[in-house]
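Enquirer: Below you will find the structure I want to go over with you.
The values are calculated or read from the model by the stated rules, or taken from the named source; none is laboratory data. Since this is a predicted model, take the numbers as computed values, not measurements. Glycine gets a Cβ as well: all are built from the backbone with ideal geometry, and neighbour counts include every protein chain shown. Surface areas here come from the heavy atoms of the whole protein model, side chains and all, with no ligands, DNA or RNA. Shrake-Rupley method; radii C 1.70, N 1.55, O 1.52, S 1.80 Å.
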Amino acid sequence: MKKVVYGNPVPCFAIEKEVEEAKELPGFTVEDTVEGYLKFTMAVSEKTAIYGLGETVGNINKKGSKFISFNTDDPHHRENTLSLYGSHNLLIFDELNITPKLGFFFDTPGKVIFDLDSEKKGKVKITVLSKDLRVYFWQQDTAYLAVKEFLSYIGRSFIPPLWAFGLCQSRWGYKDEKDIKFIIDEYEKAGLPLDSVCMDIDYMDKYTDFTINKKRFPNLKRFNTECMNRGVHLVPIIDAGVKILPKNPFFKEGVERDLFCKNIEGKPFMAAVWPGPTHFPDFFKKETRDWFGKEYKILTDAGITGFWNDMNEPAVFYSEMDKSKGIMETIIGFLNPHTKEKKAMEESRAYKSYKHFYHEIDGKSYVNQDVHNEYGSRMTQAGYDGLTELTDKRFLLYSRASMLGGHRYGGIWTGDNESRWDHLFMNVRQMPCLNMCGFLYSGADTGGFGGNVTEELLLRWTAVSLFTPLFRNHTAIATRNQEYFRFENRKAFKNLLSLRYRLIPYLYSEFMIAVLSSDMFIKPLSFAFPYDEKARNIEDQLIVGGSLMIAPVLTEGAKSRNVYIPKDMELIRYKNGSFTREKVAKGMICIEVPVDEVVFFLLPEKSFIYARKEYSNTKNLDLSDVELVGDSDYKQYMDDGLTRKYSLNECVRIVKRCQN
Ligand code: MIG
């Protein structure tokens, strides 16, 4: 890997290793535009596939589309949406049958427009809205190897505890002990497994970070202990904006020590989010990260070790630049996506505000717009560093907004999606793209956040999510109840969830090996079969870990689907708690997939393991009590799942074939 430096870029966040400097960028023509931007152009052939870009809509092969890296809170995104919650500027150009494959990383926290031949004229145009950046470039024989080289430069991905591989039930609307206890009770009654429940903004006092509403949670420590005794972890949310409360010591310290983002006059910038008027912590400053990070103590003192960071694009409802828009209008707009208010909200927030507040990086002032995409990841870093100080245990942390570099400090979820079939397909395609960018601990809101899910959509979505590291059923306020126990076809959900728990020994092992060897956990088919021309066009099948392929049903009403089998392999069916296996030959096949079964495939010459028993949470899960399937020994990674003692050399055991 080499880099070309343009202008005076902000200090590097994503790339951890020393990289040699080059004068020119191969492959691209570079020009200055009249607006003062840098524009990179490259001719591409019809046979070029383009991979990368992490959290975006659309296909795994990004060729033919356009995207803008600019972290945006867009709960109503569609196939043509330009910006989502994360910005991950990795591109791999993979021309069919031609080596080398070219890797590029546009390292800037500012806005970048990626036009990946959207006009179908054989031209890729990348416009960086600044003259300051680094572009890294490298070459490899396959796209997969190019990604692996990239991963080896960006540092190790975040490692959560084992329990974070269990099911998380969430809903915006659980407000007190009673609501959460009800969920745990119902899961127990229904005989469904559960490892965690999220606490959304209502646990706080007036949406103020690091406070607990005493009426709703009179004794959080006691309540957490009760939940933990039942094998359930509480996972509270933390928002980016800090409520303006002059008497609150945490807030006061933030003002006195100059830790907030500033307006043009050098005063703390005011923006309104859920708590009403807030100041945004300037997470680019180490002092701010330290100050914010240590506040998690109020929650770790209660025994809590799991957290999610929200609204850190940062999302802005209205700001001091635009005082006319009130919070009520915003809420109305949020709940009624087609109203005038919604449009007004969209116009008033985001783009306008980001030109009006400033961060300090190494003593220099930067307007948010120019460093925007790094903000959320710096918040995650604050949480990570704080929690590392506060607890010896492994903790769970994931964020909504992200940029490359943030993958070292936490996982991500893919933000506010909707209960739509196209969002399920979107989720499938996002997973490998996120893995290319180091975000291995990730997943979507299973069942969809906005809108009302149907039983069938939730079944099909769950059959996908049971293979993603973050497995969280989450939904928005005012949507229908979405917990698994609410649905009629209990048996089908039970089957799906029991498979998740039986696969945890495999998923955990493959995840840990991927993280510790700078690899991907979920890959596109084309990465596992790089010389197979057909595999390049498959967007709806994925490789999970090193041994399994999934081919989920993504269409409403479908009882079967076509699956491309790149090599002879085994089809595995999980139904009523048991596995059946059959051989399938290379080629296109049509398989039946009833909603109460999960179908997946074992790659040739590979093996996998599953837990012999069914589990109701990970508390008593015995990672070593496994069955081996396949024609080879299995390299299992196995640590205590709880402490930070993880090493690839020490924690691997070989599960032998014919062990009985
Ligand atoms: O403006 O905390 O993406 O998961 O439930 C909405 C309430 C704020 C957005 C998050 C979502 C969460 C919700 N939050």
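Enquirer: Residues to consider are 130, 170; find the one that is crowded, with 18+ Cβ neighbours inside 10 Å, among the small types (Gly, Ala, Ser) and in contact with a helix residue (DSSP H, G or I) (Cβ under 7 Å, 6 or more places away or on another chain).
Expert: 130
Enquirer: Looking at segment 96-112, is at least one residue on the phi > 0 side of the Ramachandran plot and over 22 Å from the mean Cα position of the chain (by Cα)?
Expert: Within segment 96-112, one or more residues are on the phi > 0 side of the Ramachandran plot and over 22 Å from the mean Cα position of the chain (by Cα).
Enquirer: For a quick check of your reading of the model, give me the residue pairs whose first member lies in segment 239-254 and is closer than 19 Å to residue 400 by Cα, whose second is more than 16 Å from the ligand (Cβ to nearest atom) and not hydroxyl-bearing (Ser, Thr, Tyr), with beta-carbon atoms closer than 7 Å and at least 6 apart or on different chains.
Expert: Listed by first residue and then by second, the contacts come to 242/251; 242/254; 242/279; 242/281.
Enquirer: Report those strands (runs of 3 or more DSSP E) wholly inside segment 579-660 carrying at least 2 residues which are aliphatic (A, V, I, L, M) and in contact with a helix residue (DSSP H, G or I) (Cβ under 8 Å, 6 or more places away or on another chain).
Expert: 607-611
Enquirer: For segment 97-115: of the residues being among the charged types (D, E, K, R) and open to solvent by less than 20 Å² (accessible area, probe 1.4 Å), which is farthest from residue 87 (Cα to Cα)?
Expert: Filtering segment 97-115 for residues that are among the charged types (D, E, K, R) and open to solvent by less than 20 Å² (accessible area, probe 1.4 Å), the one farthest from residue 87 (Cα to Cα) comes out as 101.
Enquirer: Another question, if that's okay. Looking at (1) closer than 23 Å to residue 44 by Cα; (2) touching a residue at least 60 places away in the same chain (Cβ under 8 Å), which is the only condition residue 140 fails?
Expert: (2)
Enquirer: Specify which of the listed residues (211, 127, 142) is within 16 Å of the ligand (Cβ to nearest atom) and modelled with pLDDT of 95 or more.
Expert: Among 211, 127, 142, only 211 is within 16 Å of the ligand (Cβ to nearest atom) and modelled with pLDDT of 95 or more.
Enquirer: Here is a further query. Go through segment 616-652 residue by residue and tally those that are more than 27 Å from residue 495 (Cβ to Cβ) and open to solvent by 30 Å² or more (accessible area, probe 1.4 Å).
Expert: Residues meeting the conditions: 13.
Enquirer: Determine whether residue 500 is open to solvent by 20 Å² or more (accessible area, probe 1.4 Å) and of a type in the set (D, E, K, R).
Expert: no
Enquirer: Let me ask you something else. Has segment 93-103 got any residue that is within 30 Å of residue 355 (Cα to Cα) and either in a strand (DSSP E or B) or without any contact (Cβ under 8 Å) to a residue 60 or more places away in the chain (or both)?
Expert: no
Enquirer: Take segment 559-576 and flag every residue that is open to solvent by 20 Å² or more (accessible area, probe 1.4 Å) and out of contact with any Phe, Trp or Tyr (no Cβ under 9 Å at 6 or more places or on another chain).
Expert: 559, 560, 561, 562, 568, 575, 576
Enquirer: Please work out which residue is nearest to the chain's Cα centre (by Cα), limiting yourself to segment 361-405 and to residues that are free of Cβ contacts under 8 Å to residues at least 60 places away in the same chain and over 25 Å from residue 38 (Cα atoms).
Expert: Once the filter is applied, the top-ranked residue is 388.
Enquirer: Can you find even one residue in segment 173-195 that is on the phi > 0 side of the Ramachandran plot, in the same structural domain as residue 377 (by TED's automatic domain parsing) and within 16 Å of the ligand (Cβ to nearest atom)?
Expert: For segment 173-195, residues on the phi > 0 side of the Ramachandran plot, in the same structural domain as residue 377 (by TED's automatic domain parsing) and within 16 Å of the ligand (Cβ to nearest atom): present.
Enquirer: Criterion first (more than 29 Å from residue 484 (Cβ to Cβ), within 16 Å of the ligand (Cβ to nearest atom) and either open to solvent by 10 Å² or more (accessible area, probe 1.4 Å) or not assigned by TED's automatic domain parsing to the domain that holds residue 310 (or both)) does residue 137 satisfy it?
Expert: Judged against the criteria, residue 137 is not a match.
Enquirer: How many residues are touching a residue at least 40 places away in the same chain (Cβ under 8 Å) and either within 24 Å of the chain's Cα centre (by Cα) or more than 17 Å from residue 235 (Cβ to Cβ) (or both) if we restrict to segment 182-199?
Expert: Residues in segment 182-199 being touching a residue at least 40 places away in the same chain (Cβ under 8 Å) and either within 24 Å of the chain's Cα centre (by Cα) or more than 17 Å from residue 235 (Cβ to Cβ) (or both): 11 in total.
Enquirer: For residue 118, work out the one condition from (1) buried (at least 17 other Cβ atoms within 10 Å of the Cβ); (2) under 15 Å from residue 67 (Cβ atoms) it doesn't fulfil.
Expert: Among (1) buried (at least 17 other Cβ atoms within 10 Å of the Cβ); (2) under 15 Å from residue 67 (Cβ atoms), residue 118 violates only (1).
Yes/no per residue for (1) in the same structural domain as residue 549 (by TED's automatic domain parsing); (2) in a helix (DSSP H, G or I); (3) among the acidic types (Asp, Glu); (4) surrounded by fewer than 23 Cβ atoms within 10 Å (Cβ to Cβ):
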site	(1), (2), (3), (4)
424	no, yes, no, no
429	no, yes, no, yes
433	no, yes, no, no
440	no, no, no, no
452	no, no, no, yes
462	no, yes, no, no
478	no, no, no, yes
482	no, no, no, no
491	no, yes, no, yes
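Enquirer: To continue, here is another question. Hey, does segment 85-96 have a residue that's within 20 Å of residue 45 (Cα to Cα), surrounded by fewer than 18 Cβ atoms within 10 Å (Cβ to Cβ) and either outside the structural domain of residue 20 (by TED's automatic domain parsing) or not hydrophobic (A, V, I, L, M, F, W, C) (or both)?
Expert: Yes, because at least one residue in segment 85-96 is within 20 Å of residue 45 (Cα to Cα), surrounded by fewer than 18 Cβ atoms within 10 Å (Cβ to Cβ) and either outside the structural domain of residue 20 (by TED's automatic domain parsing) or not hydrophobic (A, V, I, L, M, F, W, C) (or both).
Enquirer: I would also like to ask the following. Which of (1) closer than 30 Å to residue 352 by Cα; (2) among the aliphatic types (A, V, I, L, M); (3) not in a strand (DSSP E or B) does residue 146 not meet, given it meets every other one?
Expert: (1)
Enquirer: Is there any pair with a first residue in segment 614-639 that is farther than 12 Å from residue 508 by Cα and a second that is surrounded by fewer than 19 Cβ atoms within 10 Å (Cβ to Cβ) and small (Gly, Ala, Ser) whose Cβ atoms are under 7 Å apart and which are 6 or more apart or on different chains, and what are they?
Expert: Every condition considered, the pairs that remain are 614/577.
Enquirer: Conditions first: (1) under 25 Å from the mean Cα position of the chain (by Cα); (2) over 24 Å from residue 431 (Cα atoms). Residue 580 passes all but one, so which condition is the exception?
Expert: Against the list (1) under 25 Å from the mean Cα position of the chain (by Cα); (2) over 24 Å from residue 431 (Cα atoms), residue 580 comes up short only on (1).
Enquirer: Something else about it: Going through segment 407-417 one residue at a time, which ones are in contact with an Asp or Glu (Cβ under 9 Å, 6 or more places away or on another chain) and within 16 Å of the ligand (Cβ to nearest atom)?
Expert: Within segment 407-417, 412, 413, 414, 415, 416, 417 meet the criteria.
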